[in-house]
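Q: I have a structure I would like to understand better, so I am pasting it below and will then ask my questions one at a time.
The values are calculated or read from the model by the stated rules, or taken from the named source; none is laboratory data. Source: prediction; values computed, not measured. Positions of Cβ are generated from backbone atoms using ideal geometry, with glycine treated the same way; all protein chains shown enter the neighbour counts.
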Amino acid sequence: MAERQDVILGGGLAGMTAAYTFQQAGEDHWQLYEKEERLGGLARSIAAGGYLFDFGPHILFTIDAEMEALIRDLLGDNFHAQEREAYIYHHHSRLYTRFPFQAHLHGLPVEVVRDCLVGLVRAVERQARGAFQPANYEEWMRGFFGDGIAEHLMIPYARKIWTVEPATMDFSWIGRRVPTPDYERIIAGALSDEVAQVGATAAFWYPKVGGIEPLPRALGARLRNVHLNRRVERLEVAGQRLVFADGEVVPFARLVYSLPLALLPALCDALPPEVERACAGLRYQGIYCVNLGIDRERISDKHWVYFYEEPFPFHRLSFPANFSPGTVPPGKSSISTEVAFSRERPLDRVTAVERTITALQTAEILTPDDRIELVHTEEILPAYVIYDLDHARNVGLIRAWLKEHGIWPVGRFGEWQYFNMDHSMRSGKTAAEEILAKSR
């Protein structure tokens, strides 16, 4: 039998950061296996017809000083900070307001602003009485911001992106992902547009050239013992063996696992029944990206725009050239739209492109005279974890079972959490540090 290896399964940001942490600690014998032909996981960019699109739009931001230092070190002169230009489109009024909605009510119809502010006052009164005890995400939105803000935007947008009713979701994931400006700031944003931006992405980073992929490429260039085009077909937990699609069997001593937890029943043939049930209970959605190349310069001055109303199949679109001009040919523009789908809301691939183009014309982002010279689609599945009301119990059970068997789950899908890129990198580093501490 081959000698047992210490293995990292999956070469996304979490797996790579774990490998880098081991190397820096002098443990450079760890072997990283990745199914694709290049490293990066979802953090990669795709060239198509002279245009460059990320595999789902990406930006960088963090409050983690250590991860910021690593990101800056990896990107070097390619690091670029910029101020967010993010908006919400309101088709009912044919206008845009700044993101986040709750902090920029100014400019909306008077009756909408009134509903939002009255609802906010009532929510504050309920909170003062100790009546804010939400049991799900919808109750959290109503209880924190009030019925007006919840009903005018937050609930319809939640349905659009998550593909399920927010009343069936937990709210433990919110953290800094849903901006929660104080009440004075909400009122100020209703009275004037001349207010400072709020939220974690008010300033963000993006490489000057190359899309998002220069980040994983730079990290991958520092790694040793990387095995690409290696798809695992079976994980034998009891025997501590990995079986790959080419037939190679790799015995392992320690394993860092960054693949989706939902794949475990397909990979493992001897899961305990309670673990198998927990895996079957994991919920997620996918993103179908419809990317367009447009024969018109500077089609917008925005970075991204949110859509919450029914005429629009997508919940968000981005203008890549405003992140980095090098993502489009000279004199051109591009649009990247994101359509959420799941088993609760199946994707209609046949009509997705046509519906997207029609919706862009409805919003007057595209004109009848615009020539679309490129249509490019990408399907990401899974894309986002859905925090249903059983999420914490199911994920906790699965992760505890893995760790009992010397397997450390990492990353967005290994930990089954709503991780941004910095969170995924931190996840890999933390797992590596725990393993190193145990071996001392």
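Q: Confirm whether Ala18 is part of a loop (DSSP other than H, G, I, E, B) and crowded, with 23+ Cβ neighbours inside 10 Å.
A: So Ala18 fails the test.
Q: Now, a different point. Hey, among the residues in the range 396-420 that are within 16 Å of Pro382 (Cβ to Cβ) and aliphatic (A, V, I, L, M), which one's surrounded by the most Cβ atoms within 10 Å (Cβ to Cβ)?
A: By that ranking, first place goes to Val410.
Q: Follow-up. For the range 190-202, how many residues meet the condition of being touching a helix residue (DSSP H, G or I) at 6+ places or on another chain (Cβ under 6 Å) and over 20 Å from Trp304 (Cα atoms)?
A: Going through the range 190-202 one residue at a time, the tally reaches 1.
Q: Still on this structure, I have one more. Can you pull out the residues in the range 5-15 that are touching a Leu at 6+ places or on another chain (Cβ under 7 Å) and part of a helix (DSSP H, G or I)?
A: Matches in the range 5-15: Gly15 only.
Q: With surrounded by 18 or more Cβ atoms within 10 Å (Cβ to Cβ), touching a residue at least 60 places away in the same chain (Cβ under 8 Å), over 21 Å from the mean Cα position of the chain (by Cα) and assigned to a helix (DSSP H, G or I) as the only criterion, which of Gly189, Gly148, Gly143 stands out?
A: Exactly one residue qualifies, and that residue is Gly189.
Q: Of the numbered conditions (1) assigned to a loop (DSSP other than H, G, I, E, B); (2) modelled with pLDDT of 95 or more; (3) hydrophobic (A, V, I, L, M, F, W, C); (4) more than 20 Å from Leu215 (Cα to Cα), Ala2 fails exactly one; give the number of that condition.
A: The one condition Ala2 does not meet is (2).
Q: Next question, about the same structure. Which count do you get for residues in the range 236-287 that are out of contact with any Lys or Arg (no Cβ under 7 Å at 6 or more places or on another chain) and aromatic (Phe, Trp, Tyr)?
A: 2
Q: Also, quick follow-up: Select, from Ile63, Ile59, the only residue that is touching a residue at least 40 places away in the same chain (Cβ under 8 Å), closer than 14 Å to Met421 by Cα, among the hydrophobic types (A, V, I, L, M, F, W, C) and surrounded by fewer than 17 Cβ atoms within 10 Å (Cβ to Cβ).
A: Ile63
Q: Would you point out which residue out of Glu434, Glu344 is over 19 Å from Arg44 (Cα atoms), surrounded by fewer than 18 Cβ atoms within 10 Å (Cβ to Cβ) and touching a residue at least 60 places away in the same chain (Cβ under 8 Å)?
A: Glu344
Q: Check the range 396-408 and report whether any residue there is in contact with a helix residue (DSSP H, G or I) (Cβ under 7 Å, 6 or more places away or on another chain), of a type in the set (A, V, I, L, M), outside any loop (DSSP other than H, G, I, E, B) and within 30 Å of Glu83 (Cβ to Cβ).
A: So far as the range 396-408 goes, no, none of its residues is in contact with a helix residue (DSSP H, G or I) (Cβ under 7 Å, 6 or more places away or on another chain), of a type in the set (A, V, I, L, M), outside any loop (DSSP other than H, G, I, E, B) and within 30 Å of Glu83 (Cβ to Cβ).
Q: Limited to the range 106-132, what total is found for residues that are closer than 27 Å to Leu95 by Cβ and not in a loop (DSSP other than H, G, I, E, B)?
A: 14
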